[in-house]
Structure formats: structure tokens, C-alpha cells
1. With N residues in the chain, what two-decimal value do you get for its Cα radius of gyration over 2.2 N^0.38 Å?
2. What does the charge count near ILE124 come to, summing +1 for each Lys or Arg and -1 for each Asp or Glu among other residues with Cβ under 15 Å from its Cβ?
3. Treating cross-link reach as a plain straight distance, find the aspartates and glutamates whose alpha-carbon is under 17 Å from the alpha-carbon of LYS39, omitting any fewer than eight places away in the same chain.
4. Using the Cα centre of the range 49-142 as origin and beta-carbon charges of +1 (Lys, Arg) and -1 (Asp, Glu), tell me which of ALA117, PHE57, ILE135 is placed farthest towards the positive end of the dipole.
5. Rounded to whole Å and ordered largest first, report the semi-axes of the equivalent ellipsoid of the range 54-109 derived from its Cα gyration tensor (root of 5λ).
6. Which of the peptides 87-97, 45-55 is most tightly packed, and how do the rest follow, going by the mean number of other Cβ atoms within 10 Å of each residue?
7. Cα centroids of the range 67-128 and the range 1-35: how far apart, whole angstrom?
8. Highest GNM mean-square fluctuation, the chain, Cα pairs closer than 10 Å: which of ALA15, ALA41, ALA99?
Amino acid sequence: MHEQLLGWCRGDEEAARFVLDLYEAIQEWDDLEDEGRCKDANALLSWLAFRKEYDPFFLRWGHILRPVMLSCYLQWRASNVLDRGDKLDVAKSYMLRAAFYQVIHVIAWIIGGHEWAEKVGPEIYRHYAETPDEIWKEFNDA
């Protein structure tokens, strides 16, 4: 994933590192939500509360990233409810769960501008590998 991120981030290592750290935090938080535990809750909370604020990329662009990350969080919370609904709810949940890719898309815009974001946006969202059927099976066919 790192090489793909570097492409979308036009070689900006700090941006790619931030995305990877955010992805790891999201995965840990999802484990905490789904299973009631994660590998290292202290590391997760530390990154969310303090360490991300000192990340070089976030320091420069936090004023843009904070609202996008808030939107990502709110969409994820809504998806956790819709996951357990009917097939139409799960279809909506599927799209809400892709909010993380919105953060990457905005970062592509920050780095490369409007035309770059338009160019790489579809590729970024195509990278989302989960399907609505997988979500349905995970939460409704178990």
C-alpha cells in the first residue's frame, strides 16, 4: 500500500506516513469497537490525542484534515449501525465505510491540486476492497 500511497501523494513521504498511521489507528479503533479490544489501546489513544498533532504533515494541513477526519469518524459511527440493518442499510454502510478514502482523496488535493485529485480520485476509491456482500455476511449471516 505504501507505494500506491506515494503515487497518490506525488512522492510526499510525510503525507504517505500520515495516511498509514491514520489507517492503523482506524483499524485498531474498529477492533476496539467490534471486539472490545485492540493491540495497544494506549498507543491508539496517544496517537489520536497527541502524537498526530506533531506529525509534520498534519501540522501543516490539520486545518483541512480535522473536518475531513471528523466526517470520516461520523460516517464510520453511522455505518456501525447500518451494518446490522437490511440490505439497503448495508449498501449505505458500504459507502460510509469508504470515508477513509475520502481523507486520502483530500490529501491528494492538498498535494497536487484540483486536477490531480480529479485524476487519482477514482483510483483511490477503487482501492477499497470490501464489498457490500462481505459486510452483510459479517453482521447478518453470522
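1. Compared with the compact-globule rule of thumb, the chain sits at 1.08.
2. Result for the neighbourhood of ILE124: -2.
3. ASP21, GLU24, GLU28, ASP30, ASP31
4. The residue sitting farthest along the positive end of the dipole is PHE57.
5. 28, 10, 6
6. 87-97, 45-55
7. 13 Å
8. ALA41
The values are calculated or read from the model by the stated rules, or taken from the named source; none is laboratory data. Just so we're clear, the structure is a prediction, and the values are computed from it rather than from any experiment. For neighbour counting, all protein chains shown are included, and Cβ atoms are generated from backbone atoms with ideal geometry for every residue, glycine included. Note: accessible area is taken over every heavy atom of the protein model, side chains too, but ligands, DNA and RNA are not part of it. Shrake-Rupley method; radii C 1.70, N 1.55, O 1.52, S 1.80 Å.
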